[in-house]
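Heads up, the thing below is written out as structure tokens.
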Amino acid sequence: MDELSFHQIKIFFQDKLIQNPNLNKREAVIEFNQILQFIFKMDYAKLLSQGPQVKKRQFQQIEKIINLRIKGTPLAYIFKEWDFYGRKFFLNKSCLIPRPDTELMIDILKKESFKKEIKTLLDLGSGSGVIGITAKLEIPSIDKLVLTDISKRCLKIIKKNLFIHNLSADIYLSDWFKKLPEQKFDVLVSNPPYIARDDDHLNHLAFEPRRALIANNHGLSDIETILKNGVNFLSNNGKLFIEHGYNQKQNVQEIFKRYNYKDVVSFKDLTGNYRITKGVRK
């Protein structure tokens, strides 16, 4: 195969992506641009201005990615990396894909750090570690970071992400608090499983790890476990922030109050849904 131009590749492949039933034309264009940026390791503006020639190896890489995407595999799992809060993070299929909704957690923590300095932070059920690592990068006062997960494969990714961002942290293989040494934190954060087993949203998350998505008791069992035990790991007036489903605000607030947290408040994401709730240890 002779080298093809950048524009020939766009014509050749872009429409093929629409064979993925989950993508409309606009989404296919956006994803194809992401694929090109991944292959050529340059931003889209530079790609347009330079219009690089596409070598046989690059053509084959693009073709492989598109065939996987047509079958439904998310780009994040194909690339084995994804952006969160403007930074690249590695991941594997044992980790949830970082989403813009979760970036709200970082925005809230940064505002909290202006009210009172955060020095110690526990990210419980960290997955790829994006919340805890980003928090430490964004909030200079954090001098102790602890990350946990139940998956050994996630812990490997956490170590890799700590390395590329030049950070250190204590890491524990633990089912929530079970293997975590007793200690106190200014802040505890978690994005736990909160989807009910019969929730239709699972149809759109077929490639992501079920144990990181699904919880018993209508999606609330892991949230309750974290709130019940979290008080033992918070310092006086320590704060616990938890991500939850768009329709779980009332139930989550009731659980906070059941375990005697004070100043319980929920936060809206960019679409106007309540997605994170905070409580303070009495």
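What is the angle, in °, between the Cα long axis of helix 221-230 and the longest principal axis of the Cα atoms in the chain? Nearest 10 is fine, range 0 to 90.
The answer is roughly 50 degrees.
Find which of 97, 130, 215 sits farthest along the positive direction of the dipole of the chain, computed with +1 on the beta-carbon of Lys and Arg, -1 on that of Asp and Glu, about the Cα centre.
Result: 130.
Once phi is turned into θ = phi - 60°, what whole-Hz ³J(HN,Hα) does the Karplus curve with 6.51, -1.76 and 1.60 give for every residue of region 164-180, x standing for Gly and Pro?
Those phi angles translate into 5, 9, 6, 10, 10, 7, 8, 10, 10, 7, 8, 7, 6, 8, 4, 10, 8 Hz.
Where in the chain is the longest stretch that carries no GluC sites (Glu not before Pro) classed as loop by DSSP and with at most 13 other Cβ atoms within 10 Å?
Answer from the scan: 4-116.
What dipole magnitude, in Debye to the nearest 20, does region 165-230 give about its Cα centre under +1 on Lys/Arg Cβ and -1 on Asp/Glu Cβ?
So the magnitude is around 200 debye.
Mind pulling the angle between the C-alpha long axis of helix 249-258 and the longest principal axis of the chain? Nearest 10 degrees, somewhere in 0 to 90.
With rounding to tens, the tilt is 30 degrees.
With charges only on Cβ, +1 for K and R and -1 for D and E, what is the dipole size of region 85-281 about its Cα centre, in debye, rounded to 20?
400
Putting +1 on Lys and Arg Cβ atoms and -1 on Asp and Glu Cβ atoms, find which of 173, 194, 154 reaches farthest to the positive end of the dipole of region 136-282.
Ranked along the dipole, the leading option is 173.
What are the ³J(HN,Hα) values, in whole Hz, obtained from phi via the Karplus relation 6.51 cos²θ - 1.76 cosθ + 1.60 with θ = phi - 60°, for each residue of region 75-81 in sequence order, with x given for Gly and Pro?
These are the phi-based 3J(HN,Hα) values: 4, 4, 6, 6, 6, 6, 7 Hz.
Name the most mobile residue of 102, 134, 271, meaning the one with the largest mean-square fluctuation, in a Gaussian network model of the chain with Cα contacts below 10 Å.
The residue that fluctuates most here is 271.
Please name which of 23, 250, 164 has its Cα lying farthest along the dipole of the chain towards the positive end, using unit charges on Cβ (Lys, Arg +1; Asp, Glu -1) and the Cα centre as origin.
So the residue furthest toward the plus end is 164.
Considering amide H positions built from the backbone, and no H for Pro or chain starts, which residues 5 or more places from residue 126, or on another chain, come under 5 Å of its amide H?
Amide H neighbours of residue 126: 148, 149.
Based on alpha-carbon centroids, what's the gap between region 165-225 and region 244-262 in Å, whole number please?
Computed from Cα coordinates, the inter-centre distance equals 16 Å.
Radius of gyration and Dmax for region 1-148's Cα atoms, expressed in Å?
18.9, 61
Within region 88-130, report the trypsin sites (Lys or Arg not before Pro) that DSSP leaves as loop and that have at most 12 other Cβ atoms within 10 Å.
116
Using the basic label-point model (7 angstrom from Cα toward the beta carbon), what is the residue 264 to residue 216 distance in nanometres?
2.2
Using only Cα atoms, locate the centre of region 1-41 and the centre of region 87-134, then give the distance between them in Å, rounded to an integer.
31
From the cross-link list 159/262; 55/156; 156/262; 115/159; 88/152; 115/156, which pairs have alpha carbons spaced over 27 Å apart?
Going by Cα-Cα distance, 159/262; 55/156; 156/262; 115/159; 115/156 fall outside the 27 Å limit.
On a 0 to 90° scale, report how tilted helix 56-70 is relative to the longest principal axis of the chain, with both axes built from alpha carbons and the result rounded to the nearest 10.
The angle comes out at about 50 degrees.
In percent, what relative contact order does region 176-269 have, based on Cα pairs under 8 Å that are 6 or more apart in sequence?
35
Quick one: compute the contact order of the chain, relative version, from alpha carbon pairs under 8 angstrom and 6+ residues apart, as a percent.
13
Computed from the coordinates by the stated procedures, all read-outs in this text should not be read as laboratory data. None of these values were measured; they are calculated from a predicted model. Cβ coordinates were reconstructed from backbone atoms using ideal geometry, including for glycine residues, and neighbour counts include every protein chain displayed.
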